[in-house]
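The values are calculated or read from the model by the stated rules, or taken from the named source; none is laboratory data. If you're wondering where the values come from, they're calculated on a predicted model, not measured in any experiment. Please note: Cβ atoms are built from the backbone with ideal geometry, for glycine as well, and neighbour counts cover all protein chains shown. Only protein heavy atoms, including side chains, enter the accessible area calculation; ligands, DNA and RNA are left aside. Shrake-Rupley method; radii C 1.70, N 1.55, O 1.52, S 1.80 Å.
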Amino acid sequence: MNVLVLGSGGREHALAWKLSQSKKIDTLYIAPGNGGTQNCGTNLSVDPTDFESIKKTVTEKQIGLVIVGPEAPLVGGLADFFIADERLKAIPVIGPTKAGAMLEGSKDFAKAFMQDFDIPTARYRSFTKSTLEEGKSFLETLQAPYVLKADGLAAGKGVLILEDIDTAKQELEKMLSGKFGDASATVVVEEFLKGIELSCFCYTNGKDYVMLPEAKDYKRIGEGDTGLNTGGMGSISPVIFANTEFTEKVKNRIVEPTIKGLQQRGINYHGFIFFGLMNVNGNPYVIEYNVRLGDPETESILPRIKTDLMDMFEAGISDSLKNFELEIESKFAVAIMLVSGGYPEAYEKGKIIIGLDTIEDCIALHAGTKKTDKGIMTSGGRVMAITSFGKTMKEALEISLNNAEKINFDKKYYRKDLGFDLK
Ligand code: AMP
Ligand code: GLY
């Protein structure tokens, strides 16, 4: 079978790297891919949100399965487009329909969904411009810090956490007046949850599910989780506090009620669900849902999966997921993200990357790279993840760090302290 992966980041390189090991795939295509994915398959210059171009590609290349990396095509209705099209409807899309993608596309929808199905999450209320004063009064009932969330997709920037009530009221007003455009026409105001975050994942065909390994990502640019938020500076899997007892709670209180809720709403969901969780005194609460795999979590979780992912997708498609089990590597995987100097603010692109042929015992999963006549060059803020295994988290981190030193490009930066909070 020919398979198409949509997307161009480290997550998609991890998917392509893993799928390239499958004996069940004839040709693997990645659209648009990056400088790393071309070693796993064939890059196609097709925009994942241009559905007509995807249709043309799927037909021409005789694609039998489409795996969607990022959320934008899903929120835009790619799965629905396939279902509604005579020629495409028999081709499975790994990724939910637009209605399912609302779990990520609208925080207000996600919160109401969790409330309806008794899924543990922070207490909240949603407000619009006409209910601003009620919003301010609701803030008075909460304790600092105050959490304000733009309802819609705001490029990861739509969440504000504020210490001071007056600032929170002002920011609520600004958000409702268009601070994040349409995305903040509705704002979720919620209680702050104190704990430690982790990311859990399942793959579901809408009926049954399998859990993937969990991971912790490190979002801040600086060591010790300081400085600006980024798209993710690295990840670690497994997360030591996610023991059997905690994972059972995640399954029973969160994953199963979510899938049942989707069924009850008649929402067709075939794809990954990413549960952004807070561990509050040993109990998991949902901070957010995403309708895809995480980035950079995927760069540490997929290398731990020994099972052919095509077997998992086939089980999902043929409705035999119930007793399907993934074989998981028990070692720790640490993915360190090498980024361009200046990121997440202004940074330069087009730097030659050297040393890729000198790395050992690790996988280099490209995010912002492209192949040029001069070699592989940087083309984004997050350049590549270096993933290594170790019997301990420390060992895995050391191997990734050693290799991170061997790869060079002008103004390279990376965090050396991943896992500092998990010891
Ligand atoms: P989100 O986009 O919903 O994932 O929020 C971005 C980040 O804000 C999360 O990863 C958390 O670190 C933090 N956050 C969001 N909601 C809460 C909350 N209710 N309590 C504490 N931290 C939160
Ligand atoms: N690592 C967080 C995300 O993918 O949204």
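Here are the numbers:
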item: Solvent-accessible heavy-atom area per residue, rounded to whole Å², over segment 274-423 at 1.4 Å; result: 43 Å²
item: Sequence-distant lysines (8 or more away, or on other chains) whose Cα lies within less than 23 Å of K174; result: K107, K111, K129, K136, K149, K157
item: Tensor-based shape of the chain (alpha-carbon gyration tensor, a/c under 1.5 rounded, otherwise prolate or oblate); result: rounded
item: Trypsin sites (Lys or Arg not before Pro) lying in DSSP loop within segment 300-373, provided at most 11 other Cβ fall within 10 Å; result: K306, K322
item: Sequence-distant aspartates and glutamates (8 or more away, or on other chains) whose Cα lies within less than 16 Å of K179; result: D151, E171
item: Gyration tensor (alpha-carbon) shape descriptor, segment 78-169, a/c threshold 1.5; result: prolate
item: Entries of K169/K194; K24/K371; K24/K322 with Cα pairs more than 24 Å apart; result: K24/K371
item: All aspartates and glutamates inside 12 Å of K351 as judged from Cα atoms, apart from same-chain residues fewer than 8 positions distant; result: D410
item: Sequence of F275, F51 when ordered by accessible area, the most exposed leading, probe 1.4 angstrom; result: F51, F275
item: Farthest toward positive dipole pole in the chain [+1 Lys/Arg, -1 Asp/Glu at C-beta], among T27, A90, M393; result: T27
item: Accessible surface of the chain, 1.4 Å probe, proportion on carbon and sulfur as whole %; result: 47 percent
item: Value of [θ]222 nm, deg cm²/dmol, for the chain, DSSP H segments ≥ 4, -39500 (n - 2.57) each, nearest 500; result: -7500 deg cm²/dmol
item: Sites matching trypsin sites (Lys or Arg not before Pro) across segment 69-122 that sit in DSSP coil, with at most 15 neighbouring C-beta atoms within 10 Å; result: R87, K89
